[in-house]
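Worksheet for the structure shown next.
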Amino acid sequence: AVYLTNSSGPVSGIEIDSNTFGAPTGYDDNSQWISGIDVRGSTYPNWISDINVHDNTFTKVRQGVSGGAWTSVSISTNSIITFCGDAISPLTSNGGTDITVEYNYIAAPMTLPTSTGTHPDFIQVGSTNCLNDAERIKIRYNICNTNGGEKTAQGPFFNDIGYWGSTSGGHPAGDLLSNGQYLTGYQCVDCEAHNNIYIGGFTNGLTLDYG
């Protein structure tokens, strides 16, 4: 696995390609699977820029490619088969800009017990408690296939960007919802999702919600 995080300053120029990630043959307990690539920046301006993740193979992973606080990022032509978390999750609560996810093949999502709080999503853009907009995110030309796995997975979605999911305070000013939580006003700006292929059954196909 690859794990990288920064907190004290910007990091740029990362390329990860032509690797194989995942549990060995015979390790079928998905509660023990780990993530393949996790690259995380910090609060703006300590983001990570110029990331290129391409032509990697992931098998039996919790998450394939994840992270956030990114700008100028390409995630392309990867194969992610058999996963139990988010296959690709390019955005944390710290936001992100100019991220392209394209030409990836993602298949066979697996479920974990509800108690783990983890469920399979093909491509997740967004997180509750965001402190920045998500700008110019492109999700295109990917194949999402539930065959060989569970049909309860969610396809690509832009979700929760403008939603403060905690009632504990500290949120940006925004409209109070009936459940005591808040809409913050952060949103997806100039984002697009097109020419993705969906095979098999899905809980949701393309989701747009809260921003």
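The values are calculated or read from the model by the stated rules, or taken from the named source; none is laboratory data. As the structure is a computational prediction, the values presented were derived from the model and not from experiment. Here the Cβ is made from the backbone with ideal geometry for all residues, glycine too, and neighbour counts use every protein chain on show. Heavy atoms of the whole protein, side chains included, go into the accessibility calculation; ligands, DNA and RNA do not. Shrake-Rupley method; radii C 1.70, N 1.55, O 1.52, S 1.80 Å.
One table, with the values for the structure above:
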| quantity | calculated |
| --- | --- |
| Pair D55, I143: separation of 7 Å Cα→Cβ label points (nm) | 1.9 nm |
| With all protein chains modelled, accessible area of Y198 [1.4 Å, Å²] | 90 Å² |
| Cα-projected label distance for Q32 with T203, points at 7 Å along beta-carbon direction, nm | 2.6 nm |
| E15, E150, reordered so the largest accessible area comes first (probe 1.4 Å) | E15, E150 |
| Y3, Y141, reordered so the largest accessible area comes first (probe 1.4 Å) | Y3, Y141 |
| Total formal charge among the other residues, if their Cβ is under 15 angstrom from that of A153, Lys/Arg +1 and Asp/Glu -1 | -1 |
| Using distinct alpha-carbon pairs, which all enter the 1/r mean, Kirkwood radius of the stretch 1-86 in Å | 13.3 Å |
